[in-house]
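Structure first, commentary second.
Laboratory data are not the source of any read-out in this text; all were calculated from the coordinates shown. Model, not experiment: these values are computed from the prediction. Cβ atoms come from the backbone with ideal geometry, glycine included; neighbour counts cover every protein chain shown.
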Amino acid sequence: MVQDIVIYPDKRLKLISKDVTNFDTELHTLLEDMYDTMLSKKGVGLAAIQIGIAKRVLIINLPDEENEDALPVKSETLEIINPVFLKQEGLCKQQEGCLSLPGFYEDIERFSHVLLEYQDRHGNKKTINNNAFLAIAIQHEMDHLEGKVFIEKLSILKRKKFEKEWKKKFK
Ligand SMILES: [Zn+2]
């Protein structure tokens, strides 16, 4: 079911999400809700806290590079639970956006290569080793689990400018 997205500066976005311990139907319903919500907003990733659930759960659905208008395929959606970085190296800068900050995009510096350990919806341990767009998407979503949003990585000047514009937009 499509849920409401938590919009910045809602305080829930500052919560540190908790580990998932039960890989049960409640988790699976959460994953379905997250998928429906992400799809309805045409997002490429979503963390559970963005629909108000402070659990270490995120999903990522990378756009089809050959056909940007193609609808995401549910079976290809990555479901990442309790993720932990084993390795982060290199640097890169890419434009990011966030469903909790609709309409705002900015270049953000991230690690270019990540090695990640996580669990799937059944609790099985898995790893991802990536040095492309997925690596960036994972870092963006994992920040949400720590109560952070990407604008916190902006310079002081850019952040001030953003806050001013954001207040105008949402008042
Ligand atoms: Zn985000």
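For the reader, a short list of remarks on this structure follows.
- Per-residue [θ]222 nm for the chain (sum of -39500 (n - 2.57) over DSSP H runs n ≥ 4, rounded to 500): -8000 deg cm²/dmol
- Basic side chains Lys and Arg get +1 at the Cβ, acidic Asp and Glu get -1 at the Cβ, and with that the dipole of the stretch 1-92 about its Cα centre reaches some 640 debye.
- When the alpha carbon gyration tensor of the stretch 31-159 is reduced to an equivalent ellipsoid, the three semi-axes, largest first, read 21, 18, 16 Å.
- Charge dipole (Cα centre; +1 on Lys/Arg Cβ, -1 on Asp/Glu Cβ; no other charges) of the chain amounts to roughly 1100 debye.
- Length added when fully stretched, GLU163-ASP19, from 0.36 nm per residue minus Cα-Cα: 48.7 nm
- Distance violations [Cα-Cα > 29 Å] among LYS18/LYS74; LYS74/LYS153; LYS87/LYS160; LYS87/LYS168; LYS11/LYS41: LYS74/LYS153; LYS87/LYS160; LYS87/LYS168
- Two-decimal log10 I(q)/I(0) for the stretch 83-171, as the Debye equation yields it once each C-alpha is a single scatterer, q = 0.16 Å⁻¹: -0.71
- For HIS113, HIS140, order by how many other beta-carbon atoms lie within 10 Å, fewest first: HIS113, HIS140
- Note on VAL73, VAL114, VAL6: ascending count of other Cβ atoms within 10 Å places them as VAL73, VAL6, VAL114, the fewest first.
- Neighbour-count ranking [beta-carbon atoms within 10 angstrom, fewest first] of ASP143, ASP4: ASP4, ASP143
- Placing a label point 7 Å from the Cα of GLU32 along the Cα-to-Cβ direction, the residues of the stretch 59-100 whose backbone N falls under 16 Å from that point are 74-75.
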